[in-house]
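See structure below.
Values in this text are rule-based calculations from the coordinates and carry no lab data. Keep in mind the model is a prediction, meaning the values are calculated, not measured. Glycine also receives a Cβ, built like all others from the backbone with ideal geometry; neighbour counts cover every protein chain displayed.
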Amino acid sequence: MKRVCWFRSDFRLTDNHMLHRVLTDVEDGDEIEFVFWLNPKYCEPFDTRHDYFFSTMRVFMDDLNSKKLGLRVIVTETSEQFVEELGEVDALYFNAEYVEPFKQRDDAVIKSLGEQVKVVRLLDRHLFHPDAFSTKDGNPYKVYTPFKKAAYSESPPKPYHVDVDQLKRFVGLSSDIPKELKEQFERCERDWKALGETEAKKRLTRFVNERLTNYADDRDIPSIAGTSRLSPYLRTGVLSIRTVVEQVLAAPKSKGRDMYFDELLWREFYYMVMAKFPGLKEEPFNEKYKRLVWEDDEAHFERWCKGETGYPLVDAAMRQLNETGWMHNRLRMVVASFLTKHLLLDWRKGERFFEQKLIDYEAASNIGGWQWAASVGTDAVPYFRIFNPVTQSERFDPEGTFIRRYVHELSHVTGKDIHFPKKEDRQDYIDPIVDHKEARERALSRFKDL
């Protein structure tokens, strides 16, 4: 019997539900094949997140080869062609996606396989299935707090054991890399640090041992390493959410530990919302705001993208994103609020820019976060709460350490002036593109009139 394991964004061998299950099912005489579907349509335009993804994939393939395990890469654009290239197969295993367009892709593959092929679709990327929790009326949760309460009533799943030595008995070695994948590897320009499963586990252990206890106090300070920086590993599947949760909850109880677990539940919440309410990438959750008229100012959008708004914390955050492919979570809220409230530009423009640039881009969390900041989503911040970028800077980067790291034009500015430099101190730094007070009043008026 030929059993195929279809890798997607789960570049790891340990605690992989798909691999655990196939080893549970496999019998003597069976064959297991690892495959990956490379769809060229998803590689354009090639940007930062692709660079990180394929760099990670290359490390994973090297790891497989070192363990005498092979991964066959199928290059095609349609589900029918993918199934045709698979050839004879008796069972297909994969870790499920429950949001569009990936669920639609998976459904199309299953349909193309036909009823004669056994399909094993498994929950892996998240702790809980989107249908796991509902209100007393049987509806999906729309507010985080009651969702969190329901999640706390359930024990999170434990990691799945995977016997790599047993895998070697059934999986062949295939080191052929198609030219299309070689081309993607060659396009990778950045020297990413700490790639792969081994490095991810080290970072997890260091975070739990050294920073978890103080996470509640340090997580909002962008100038220090106060967050876990595990999100890129979760995105590429190099690290399992179950492994993370088990190690976090095994740590001594603290405010930091509990808050970090709550942040992981936000990831679960947004995924559930995205699965139960399709179409949120294009439309706001709150239908009232479909009528909201956004500004059409491409020059302002470009200044925001480049980190040239004249507001130091906003510009430092955007430059961090452009330079590193990652942005501190507090700053994601600051720049999203600035784009949607100060500039009154459509949240979808910002969401798509983040999609291009973020190495940890996950649609559900990103879309949920943008709709939250724009006050158009589920459980969103009220429209009248508008982040003041200067106040945020004074509070979370009091010494201007983070600002000076990325806005070099202000390296000469001392004291509190770093948060909003005087005219004479700006020199090579741009003037603010909008006045905070005027922009705030405009946003309040625009939202209030709906």
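Quick notes
- Three-way shape label, the range 241-335, alpha-carbon gyration tensor, a/c 1.5: oblate
- Pairs spanning more than 28 Å between alpha-carbon atoms, out of Lys68/Lys193; Lys193/Lys253; Lys111/Lys136: Lys193/Lys253; Lys111/Lys136.
- For the range 227-242, backbone phi angles converted through the Karplus equation (6.51, -1.76, 1.60; θ = phi - 60°) give residue-by-residue couplings of 9, 7, 6, 8, 4, x, 6, 5, 5, 8, x, 5, 10, 8, 4, 5 Hz, Gly and Pro being listed as x.
- Overall form of the range 2-124: oblate. Here a/c, set by the Cα gyration tensor axes a ≥ b ≥ c, is 1.5 or more, and a/b is not larger than b/c.
- Greater than 19 Å apart at Cα, pairs in Lys288/Lys448; Lys67/Lys168; Lys149/Lys201; Lys179/Lys357; Lys290/Lys341; Lys306/Lys357: Lys149/Lys201; Lys179/Lys357
- Other-chain or far-sequence residues with amide H under 5 Å of Thr135's (modelled H): Tyr141
- Rounded to whole numbers, the Karplus 3J(HN,Hα) couplings from phi for the range 31-40 are 10, 10, 10, 8, 9, 9, 9, 9, 9, x Hz, using 6.51 cos²θ - 1.76 cosθ + 1.60 with θ = phi - 60°, and x at Gly and Pro.
- Residues of the range 409-436 with amide N under 19 Å of a point placed 7 Å along Cα→Cβ from Ala299: 429-436
- For the pair Phe384 and Thr76 in one chain, pulling the backbone fully straight at 0.36 nm per residue adds 106.1 nm over the alpha carbon distance.
- Taking amide hydrogens as placed 1.01 Å from N in the peptide plane, the amide H of Val119 sits under 5 Å from those of Leu92, each at least 5 positions away in sequence or on another chain.
- Segment Leu450-Met259, extension gain: residue separation times 0.36 nm, minus the distance between their alpha carbons: 65.2 nm
- The range 363-378 - phi-based ³J(HN,Hα) in whole Hz, Karplus 6.51/-1.76/1.60, Gly and Pro as x: 3, 4, 5, 5, 5, x, x, 5, 5, 4, 5, 7, 6, 10, x, 6
- Within the shell defined by Cβ-Cβ distances under 12 Å, the residues around Asp47 carry a net charge of +1, with Lys and Arg each +1 and Asp and Glu each -1.
- Taking a ≥ b ≥ c as the square roots of the eigenvalues of the alpha carbon gyration tensor, the chain is prolate, as a/c is not under 1.5 and a/b beats b/c.
- Fully extending the segment from His412 to Glu180, taken as 0.36 nm per residue of separation minus the present Cα-Cα distance, adds 78.7 nm.
- Amide hydrogen neighbours beyond the local backbone of Arg72, cut-off 5 Å, H modeled: Phe34, Val35, Phe36
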